[in-house]
Amino acid sequence: METSLIFFPKLNMCESKEKTFFKLIHGSGKEETSKEAKIRVSPEEAVIWGESFDKLLSHKDGLETFTRFLKTEFSEENIEFWIACEDFKKSKDPQQIILKAKAIYEKFIRNDAPQEVNLDFHTKEIITKSITQPTLHSFDAAQSRVYQLMEQDSYTRFLKSDIYLDLREGRPQRPTNLRRRSRSFTCTEFQDVKSDVAIWL
């Protein structure tokens, strides 16, 4: 038995890598529209997501579903930061490393960033000091911290949410009204960034 799962197309896996990374970093600056994409998820698949946080994130539909849940809690910056870090670590060109690091820092790390993640002062200070000469490991400590927060807090609530329980029990998915937070970036900033996004298909 399969259940129809309704998603908003923020993380469209069918888009080009460059367009996907651009959206992750910049956002569209618009409210979520009524256009919805349906993905079919079986209860058996949903049960697997409940076995561990790693199994949830390693499954494309699991990642989409968890992102949708975080939007209902207005904490989607955590998963977006984690995804951006995964992409960043795949970068090979030195110039791209600098551009992507700056984009991630401006959106998620700096004080009053549009989607600032919750990090301790020491971790933020280390990143701030190294951002002019970033390496592929510049965000490792911050990514690990955000991952732990999601695993210990958000993931636990996700497993008790209607979004997850409806899927696990094979019940029809209930529509959820979601909105996107405003972004302060313009379309011209960091437009030369090329993506290596490949989210565990």
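The values are calculated or read from the model by the stated rules, or taken from the named source; none is laboratory data. Given the structure is predicted, the values throughout are model-derived calculations rather than measurements. Here the Cβ positions follow ideal geometry from the backbone for every residue, glycine too, while neighbour counts run over all protein chains shown. To get the accessible areas, we keep the full protein, side chains included, count just its heavy atoms, and leave off ligands, DNA and RNA. Shrake-Rupley method; radii C 1.70, N 1.55, O 1.52, S 1.80 Å.
General remarks:
- Some residue of region 72-79 being open to solvent by less than 10 Å² (accessible area, probe 1.4 Å) and either aromatic (Phe, Trp, Tyr) or over 12 Å from the mean Cα position of the chain (by Cα) (or both): no
- Conditions (1) at pLDDT 95 or above; (2) over 9 Å from the mean Cα position of the chain (by Cα): number failed by residue 92: (1)
- Among residues that are under 15 Å from the mean Cα position of the chain (by Cα), of a type in the set (Lys, Arg) and farther than 21 Å from residue 46 by Cβ, residue 129 is not included.
- When the helices (runs of 4 or more DSSP H) confined to region 37-95 are screened for residues that are under 14 Å from residue 163 (Cα atoms), those reaching at least 3 such residues are found at 43-49, 60-72.
- Residue count for region 113-144, restricted to those that are under 17 Å from residue 75 (Cα atoms), among the polar types (S, T, N, Q) and part of a helix (DSSP H, G or I): 2.
- Yes/no for residue 106 being part of a helix (DSSP H, G or I), open to solvent by 40 Å² or more (accessible area, probe 1.4 Å) and under 21 Å from residue 141 (Cα atoms): yes
- Members of region 139-148 that are open to solvent by 20 Å² or more (accessible area, probe 1.4 Å) and closer than 10 Å to residue 85 by Cβ: 140, 144, 147
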